[in-house]
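One structure below.
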Amino acid sequence: MTADSTPALVRSADAPDGSPASPAGATSGAHGPRARNTKAYLRYAAAKIAGAIVSLFAVLVTSFFLFRLIPSDPVKQMTGGKRVSEQQLENLRHQFGLDQPMWKQFTSYIGDALTGDFGTSYQFHTPVIDKIIDALPATLLLTGTAYVLYSLLGIWLGTRTAWRNGSRSDRFNTAFALTLYSVPSFWLGLLLIIVFSVGIGPIPGMFPTGGLESGGESGFAYIIDVAHHLVLPVITLVAVGYAQTLLVMRSSLLDEMGSDYLTTARAKGLRDDVVRRKHAVPNAMLPTFTLMFVNLGHVVAGQILVETVFSWPGLGGLFYSALSVPDLPLVQGLFFVFATAVILANTLADILYPLLDPRVGR
């Protein structure tokens, strides 16, 4: 072959001043715009991570002092109102370290918590971290299922209502979403139990009043049983979550609909559904993207009131049980886990957001 087969990026030619010519693209080398953008993004990400670490430490401190403001004696609560001598109460306080000065309790708590040790539960007499790990799968099953459903439903309906702004379906969906968004989740859960579990009028009780399973089932029958118990709490969470997602998605898309780039896309002859799907929706997704990450943190944090109403054996129900004692180690550990999940989800959203919108973090 007579043609030069050397790749263009490898060949070099003499520049007019006699020095070798730079390879293609060298003008944006280590000190070019790309490098500057990368450094700016890394500084931005580092600042967000540092802020998250400070927030986590603040949560750790807050969780210690906040629940000690509860006007209740954990030791007396654990005795269940039985007649116990003062000496026995003092022995229990000494066993749980409640007789130590506050500063010593605080330093011990911080030191142990930094190693992942949140102490031993007063009422269950097991390590707090073990109780959290045991209850976590039930919470993830409930809130994770609801999260996927209400995110997809809210984005889909929010897109349709905004694109048909002012139509009858838009007015109905928006009014319905606003109504559900303003309804307390525990009240909606109680209403669903009354109507579909207990039964009212011609409507028979079709679903369990609470719990994860009926017991005694195995294999595929066990899966069906758990799914049966999931229906009402999932509907409760989806009803409130989808309303919030729909309203945010609708508002974002309405802001984009008057943009010049959509007019240009239509002028090029693109179909309306293509303009919506490939141009408007991706840009309108940015605020919804942030909301989804915030809600992702709540998947771990669970829904305390909903889990309590439906007697769901997850982290939310465990938190309510611990708060009623109060079981200080368990309450502190759960509070830290809940806050950590939300902080990490927000930090992850902040770090990923510039990848979707280059104007952020530059």
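No value in this document is a laboratory result; all are computed from the given coordinates. Not measured: the values here are computed from a predicted model. Here Cβ is always computed from backbone atoms with ideal geometry, including for glycine, and neighbour counts include all displayed protein chains.
Taking packing as the residue-averaged number of other Cβ atoms within 10 angstrom, the listed peptides 273-284, 172-183 run from highest to lowest as 273-284, 172-183.
For segment 142-212, taking Cα atoms only, Rg and Dmax work out to 15.5, 43 Å respectively. Per-residue Karplus couplings for segment 43-57, computed as 6.51 cos²θ - 1.76 cosθ + 1.60 with θ equal to phi - 60°, are listed in order as 5, 4, 5, 4, 5, 5, 5, 4, x, 5, 5, 4, 5, 5, 5 Hz, Gly and Pro entered as x.
What's the FRET efficiency of residue 223 with residue 117 using the Cβ-Cβ distance as r and R₀ = 35 Å, to the nearest 0.05? Working shown, then result.
Working: r = 36 Å, r/R0 = 1.02.
Plugging the Cβ-Cβ distance into 1/(1 + (r/R0)^6) gives 0.45.
Taking all Cα-Cα distances within segment 242-323, those exceeding 19 Å account for 55%. Based on C-alpha pairs under 8 angstrom that are at least 6 apart in sequence, segment 203-275 has a relative contact order of 21 percent.
Between residue 46 and residue 108, what is 0.36 nm times their sequence separation minus the Cα-Cα distance? Round to one decimal in nm. All intermediate terms of the calculation are to be shown ahead of the outcome.
Working: separation 62, 0.36 × 62 = 22.32 nm, distance 2.98 nm.
Taking residue 46 through residue 108 to full extension adds about 19.3 nm, to one decimal.
Among rounded, prolate and oblate, which fits segment 308-354 when a ≥ b ≥ c are the square roots of the eigenvalues of its C-alpha gyration tensor, a/c under 1.5 means rounded, and a/b larger than b/c means prolate? Oblate.
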